[in-house]
Amino acid sequence: MEKYIEKASVLIEALPYIKEFNEKIVVIKYGGSAMTDNLIRAKIIEDIALMKYVGMKPVIVHGGGPAINNMLDRIGKKTKFINGMRVTDQETMETVEMVLSGNVNKNIVNLLAAHNIKAIGISGKDGKLFTAEKLIIDDGDLGHVGILTEIDTSLLNVLLTNGYTPVIAPISSDKAGNTYNINADMAASRVASALKAQKLIYISDIPGILRDIKDEGSLIHQTTLTEIEKLKKNGIINDGMIPKVDFAVQAVTGGVSSVHILDGRVEHSILLEIFTKKGIGTIIQKEQL
């Protein structure tokens, strides 16, 4: 009997959040181990399905680096990186688009369909959702790597209004029709801001922002934009974590109520984060919580 009471208590704890987030848009950046580990992937998809069934409006923006690497290896294409960013020539860009907009995107759609979720797979090219321009850096030419300059949410609004869950591959074109690969964290941030989403969730392979990278017990559960700047100055937020946090800050500044960075390797991490009082990751908001 106690285990049933415990289950009921969990549901009751979630009830206020279910009420609060009903009909609210939540953008989920889906990547990392959550895309490559079958068990983790299944749990993430279940979380998103449940969000939809309790009345939330999830929007998924996905990456797909490992799948891209596998395909490039299969065709014998060597990959070069500059400052951690893939150099994307024309042949590589064609492969990236094929993998992201094709295999990866439609696999997510298919997994959601297995839970009777009506999902639509699109890329940033569809409905002129994204407009990009070439990313220019000082250390070399990245080729077809872009940054977003414009977001048109018309298509997303139509899909959401009609009960569909958009699944977005971060591929865009510029005004001249050139194709670019877009950082998925950037794309998720810009989509969330443009939709004035209630939440943006970054699914990653780390617990969140840690005061000590070697100690998962040092997780910072809650922080603000002001505190983020202090954490960067003190070197607590550093290296590869800086771009993700910067995109999170841009989303909050752009009108998103909160950004969550959480470990997708934890079973049902999304549900634990948004339907419990403490959550399991780091939440970033504009004002003091």
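The values are calculated or read from the model by the stated rules, or taken from the named source; none is laboratory data. Everything numeric here is computed off the predicted structure, so don't read it as measured data. Quick reminder, even Gly has a Cβ in these numbers, built from the backbone with ideal geometry, and neighbours come from all protein chains shown.
If you scan the range 188-226, which residues turn out to be closer than 24 Å to Pro170 by Cβ, in a helix (DSSP H, G or I) and small (Gly, Ala, Ser)?
From the range 188-226, those closer than 24 Å to Pro170 by Cβ are 188-206, 208-209; that's our starting set.
Cutting the leftovers down to in a helix (DSSP H, G or I) gives us 188-195.
Selection gives Ala188, Ser189, Ala192, Ser193, Ala194.
Looking at the range 44-67 only, could you name the residues that are in a helix (DSSP H, G or I) and farther than 22 Å from Met241 by Cβ? Don't jump to the end; show me each part of the working.
Step one: filter the range 44-67 for residues in a helix (DSSP H, G or I), giving 44-53, 65-67.
Once the filter is applied, which keeps residues that are in a helix (DSSP H, G or I) and farther than 22 Å from Met241 by Cβ, the range 44-67 yields Ile45, Glu46, Asp47, Ile48, Ala49, Leu50, Met51, Lys52, Tyr53, Ala67.
So, in the range 168-186, how many residues would count as being over 15 Å from Gly143 (Cα atoms), buried (at least 20 other Cβ atoms within 10 Å of the Cβ) and out of contact with any Phe, Trp or Tyr (no Cβ under 7 Å at 6 or more places or on another chain)?
Looking only at that region, the number is 4.
Is there a residue in the range 74-91 that is modelled with pLDDT under 95 and closer than 27 Å to Lys24 by Cα?
Taking every residue of the range 74-91 in turn, none turns out to be modelled with pLDDT under 95 and closer than 27 Å to Lys24 by Cα.
Here is a yes/no grid of residues against (1) in contact with a strand residue (DSSP E or B) (Cβ under 7 Å, 6 or more places away or on another chain); (2) in contact (Cβ under 8 Å) with a residue 24 or more places away in the chain; (3) more than 21 Å from Lys196 (Cα to Cα); (4) basic (Lys, Arg):
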residue: Asn38; (1), (2), (3), (4): no, no, yes, no
residue: Ile44; (1), (2), (3), (4): yes, yes, yes, no
residue: Ile68; (1), (2), (3), (4): no, yes, yes, no
residue: Asp73; (1), (2), (3), (4): no, no, yes, no
residue: Thr79; (1), (2), (3), (4): yes, no, yes, no
residue: Met98; (1), (2), (3), (4): no, yes, yes, no
residue: Ser101; (1), (2), (3), (4): yes, yes, yes, no
residue: Asn105; (1), (2), (3), (4): yes, yes, yes, no
residue: Ala119; (1), (2), (3), (4): yes, yes, no, no
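Report, by residue number, each residue of the range 94-142 that is in a strand (DSSP E or B) and surrounded by 19 or more Cβ atoms within 10 Å (Cβ to Cβ).
Step one: filter the range 94-142 for residues in a strand (DSSP E or B), giving 119-123, 130-134, 137, 140.
Scanning the range 94-142 gives Ala119, Gly121, Ile122, Ser123, Phe130, Ala132.
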